[in-house]
1. Answer yes if at least one residue in region A:231-241 is out of contact with any Asp or Glu (no Cβ under 9 Å at 6 or more places or on another chain), without any contact (Cβ under 8 Å) to a residue 12 or more places away in the chain, surrounded by 15 or more Cβ atoms within 10 Å (Cβ to Cβ) and under 26 Å from A:Val98 (Cβ atoms), and no otherwise.
2. Looking only at region B:342-356, decide whether some residue is closer than 25 Å to B:Gly274 by Cα and either open to solvent by 70 Å² or more (accessible area, probe 1.4 Å) or of a type in the set (S, T, N, Q) (or both).
3. Can you name every residue in region B:82-105 that is facing another protein chain (nearest Cβ under 7 Å), closer than 18 Å to B:Asp116 by Cβ and either in a helix (DSSP H, G or I) or not basic (Lys, Arg) (or both)?
4. So, B:Pro153, is that one over 19 Å from B:Phe32 (Cα atoms) and within 12 Å of chain A (Cβ to nearest Cβ) or not?
5. Does A:Ala58 count as assigned to a helix (DSSP H, G or I), more than 18 Å from the chain's Cα centre (by Cα) and surrounded by 17 or more Cβ atoms within 10 Å (Cβ to Cβ)?
6. Can you pull out the residues in region B:227-236 that are open to solvent by less than 20 Å² (accessible area, probe 1.4 Å) and more than 24 Å from B:Val9 (Cα to Cα)?
7. Are any of the residues in region A:81-96 open to solvent by 40 Å² or more (accessible area, probe 1.4 Å), more than 21 Å from A:Phe250 (Cβ to Cβ) and either within 27 Å of the chain's Cα centre (by Cα) or of a type in the set (A, V, I, L, M, F, W, C) (or both)?
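The values are calculated or read from the model by the stated rules, or taken from the named source; none is laboratory data. Note that the structure is a prediction, hence the values are computed from the model and not measured. Cβ coordinates were reconstructed from backbone atoms using ideal geometry, including for glycine residues, and neighbour counts include every protein chain displayed. Note: areas computed on protein heavy atoms with side chains; ligands, DNA, RNA excluded. Shrake-Rupley method; radii C 1.70, N 1.55, O 1.52, S 1.80 Å.
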Amino acid sequence: MADGSTMVVGASATTPPAPRQGGTMKRLARRRSMAALALCAPLIALIICLKIYPTFYAIFLSMLDRKMNHFVGLDNFAYLLGRPSFHLVIFQSCLFAVTAVVMKAIIGFILAHLMHNIRGSSQRIWRGLLLVPWVIPLSLSTLTWWWLFDPSYSAFNWTLSWLGLPEVPFLGTVWNARISVIMVNTWFGAPFFMIMYLAALKSVPEQLYEAAAIDGASAWQRLIFITLPMMRNIILITVLYSLIVTFADFDIVRILTNGGPQDGTHLFATYAFAVGIQSGNIPRGASVSLFMFPVLATLAFFVLRDVLNRNKEVAT
Amino acid sequence: MANVSIRKVVKSYEGDVQAVKGIDLEIEDHEFVVLVGPSGCGKSTTLRMIAGLEEITAGEIWIGGDVVNDVPPRDRDIAMVFQNYALYPHMSVFDNMAFGLKLRKFPKDEIKRLVDDAAKMLDIQMLLDRKPKALSGGQRQRVAMGRAIVRNPKVFLFDEPLSNLDAKLRVQMRTEIKKVHQLVPTTTVYVTHDQIEAMTLADRVVVMNHGVIEQVGAPQELYHNPQTRFVAGFIGSPAMNFLPVQVVDDSGLKVQLADGTKMAIPPERVDRYGPYKGKKMTLGIRPEHMTETHESEKPGVQLMNAKVDVVEPMGMETLVHHFVDGVAVCSRVDPNTKCRPGEILPLAIDMNNMHLVEDSSSRVV
């Protein structure tokens, strides 16, 4: 050994146990579970302060009246459900989240496959380049997009006019603006899917593809019968995670459109901000932000249960 | 079912590394051929080229009368069993076995019949609903074989299929594989680094080393008549003993060790070894031909005293390690022979089974 001492293998079996020292605290500290709890305590405290307390406080707030003096139960939710403007927010949020997640998943999947097939060190370079959108602070990159979409000075419209095509008001009409915000979210989120899917692809044993090729599977059949089932858990978890995050998206809409035009791009988060902070109705803002919570929580429960079951079944 | 023909096949990798250096091999229909050799000898690469999983740099591979160099694996009508089984973890045993048939659009009832038949042959009927994770190593191995059998391919390819099993199960599965080949005599190419597996399973063994075929032959032929020093040393366990000698004529042709000990060459071999008189050669003698002495020795046996170094009792035999002329040598003696380290053990060397290797060419003469 480095310090010159000699380690005797099996010595502990013959050495008498050390006399018990100290009191209850030392005995507790010696237990592995207690040590684990102590090490996790700072993190648990953080989660309680930053996640659990605000969640319960938001639930509590959503059940108060505007002046936050009286308990009104689910009245805020009932009111929101009766408002056509809120129906539009639900539609837009679902459209935004589902379309963006599907596009991110598809683009990420294709990029991951392209990356996986690049051999050698150039794969690392491409991987780094494609991760750039994901590592730039979203509010900064969205400002750049805002400038790119600008009707008078934008690079996009300049290119279109250079090509002799009519200019497009990217953020000027409801559907154009909806498509634009979805596009920016996809641009930002696709690298995350790519990196997750690339990791999943790398973990599929090559011999499964070889066995399938010998069994008679074409490239497409190998994708359907081997790649997708083997990546299923990662796909499910990534989609679930991204769906939750995309439903809660705030920055892109806030910077690009601020919910407009004609409230046509409001999402739950931007609408909650408009109602709660800008209009001063914090309880109603809280109820807007909590609206998707039960749906996403239920979805998360079933997805994670499925992933766990499958892990038990398949993992070798 | 089909014959396989490998003609001048070369496999090179980037940087001019040649894994297979122009090998020729004819495998007959129904034959069980085992490619054996140490790691990196090119046996797995050869198998993967037959499967279509590796491109062929030069030469041709024929399966059933067709050149398959540019035919993708799925159109070669072959089946392969991999070292780690390569079972699809998300599919049940039934689906694993039926996968190839489904892709080939077999009718459902036909698939069920074929899978059931194969499962019955391999005694895995009760496992059909399970996922691979719930199977033991031996069961997985059976399923992998079932997946190969069920398609009734032209050729079976086995890539070290028993390497992941424990010693006992390996012996058991070896017998199973032989039994299956007796029931379904499909042309089989089997790769292993275990020479016992090769000897017990093969109709013919192909010994490979450094990307070339050293020798092809029936197991007994390789054992009794190795053509090169490599084959002589590779086939047989424990390995053949090699001693540097000089062929001398001292009232009859003899081999002389460096310490001056002379051993007479049996008369029927004198003509064969005569041309090497005066040359330095290597004497090869298997441990089973260096045994304890008996009251009456047959002609051609030389006696020698050995100072025992290590004794390894194996039950049915005992291995005695000692030194001859400074070279470590192993002898295989009767388990009842009394010997202990440091003692002198008289040994009988059966020169009728000697081999003489020409040092310059490494060929057995």
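1. Taking every residue of region A:231-241 in turn, at least one turns out to be out of contact with any Asp or Glu (no Cβ under 9 Å at 6 or more places or on another chain), without any contact (Cβ under 8 Å) to a residue 12 or more places away in the chain, surrounded by 15 or more Cβ atoms within 10 Å (Cβ to Cβ) and under 26 Å from A:Val98 (Cβ atoms).
2. Checking region B:342-356: at least one residue is closer than 25 Å to B:Gly274 by Cα and either open to solvent by 70 Å² or more (accessible area, probe 1.4 Å) or of a type in the set (S, T, N, Q) (or both).
3. Matches in region B:82-105: B:Phe99, B:Gly100.
4. no
5. Yes: the conditions hold for A:Ala58.
6. Within region B:227-236, B:Ala232, B:Ile235, B:Gly236 qualify.
7. yes
Here's the yes/no breakdown for (1) open to solvent by 10 Å² or more (accessible area, probe 1.4 Å); (2) within 22 Å of B:Ser5 (Cβ to Cβ):
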{"residue": "B:Val171", "(1), (2)": "yes, no"}
{"residue": "B:Lys178", "(1), (2)": "yes, no"}
{"residue": "B:Val189", "(1), (2)": "no, yes"}
{"residue": "B:Gln195", "(1), (2)": "yes, no"}
{"residue": "B:Leu201", "(1), (2)": "no, yes"}
{"residue": "B:Val206", "(1), (2)": "no, yes"}
{"residue": "B:Val212", "(1), (2)": "yes, yes"}
{"residue": "B:Gly217", "(1), (2)": "no, yes"}
